[in-house]
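Shown next, in structure tokens, is the structure this report addresses.
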Amino acid sequence: MTRNYIKGIILCITDGLHKSFTFAFRVKKVFMEDALLNELDNLFDGYLKEKKLRRTTERDAIFKLICSFSEHFDVNMLNERLEGDSFHVSKATLYATLELLTELGLIVRHLFPLPFAQYELRVFAETHLHRICLKCGAVSEDKGSKVLPTVNLAKLKMVRFTPAYSATYVYGICSKCTFCIKQAKAAEKAAETPPEQTLTTRKPRK
Ligand SMILES: [Zn+2]
Ligand SMILES: [Zn+2]
């Protein structure tokens, strides 16, 4: 099945990219270390100041919540967690903050065929492959792959285009769909096979 995979590297670009992209994400672990958290915090702070925006309690809570996710998340998941902590934030503020963090490059907005846009901290998104099923659209992460295509963005020269980061999507067929396809083929084959002929033998006349 892997032969049929279409491997694509999506270079996500933003025009007028914020200068702070020059910082390096060093930690490749699936939990947030204090040093990394501080680094992201400083970036967020600097970006807000540059944009002349206040670090409101809502923005602060959303930022801290996002930093607690080592997996993908969407706006509803953030909303549920905040509501669970009795902290109400409007959907408009959530979307605006996600937009801000995406612009900064702190989070990645994935291009998954799902009803709600999925986000992930960029520091984690670059460390694994994303598998997308061509039949059912299911998305899964492959964190165990030792073959992770990496693009040296520093050396990538593009005309009128400033690369920001790369994310890797591998398209194929998930195990559930593979099973369904096999079942359907087996059923098709069974339907084509004529029923077994029953030979009736006449009793010889006495
Ligand atoms: Zn991911
Ligand atoms: Zn599938």
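Laboratory data are not the source of any read-out in this text; all were calculated from the coordinates shown. Worth saying up front: this structure is predicted, and the values here are computed from it rather than measured. When we count neighbours, we look across all protein chains shown, and the Cβ atoms used for this are built from the backbone with ideal geometry, even at glycine.
Counted over region 41-128 with a bin width of 5 Å, the fraction of Cα pairs per bin, in whole percents, is 3, 13, 27, 26, 19, 9, 2.
For the peptides 41-51, 100-110, the ranking by packing is 100-110, 41-51, with the highest mean count of neighbouring Cβ atoms within 10 Å listed first.
Taking a 19 Å limit on the Cα-Cα distance, which of the listed pairs LYS135/LYS176; LYS51/LYS91; LYS49/LYS157 fall beyond it?
Details: LYS135/LYS176 10 Å; LYS51/LYS91 21 Å; LYS49/LYS157 30 Å.
From the list (LYS135/LYS176; LYS51/LYS91; LYS49/LYS157), the Cα-Cα distance tops 19 Å for LYS51/LYS91; LYS49/LYS157.
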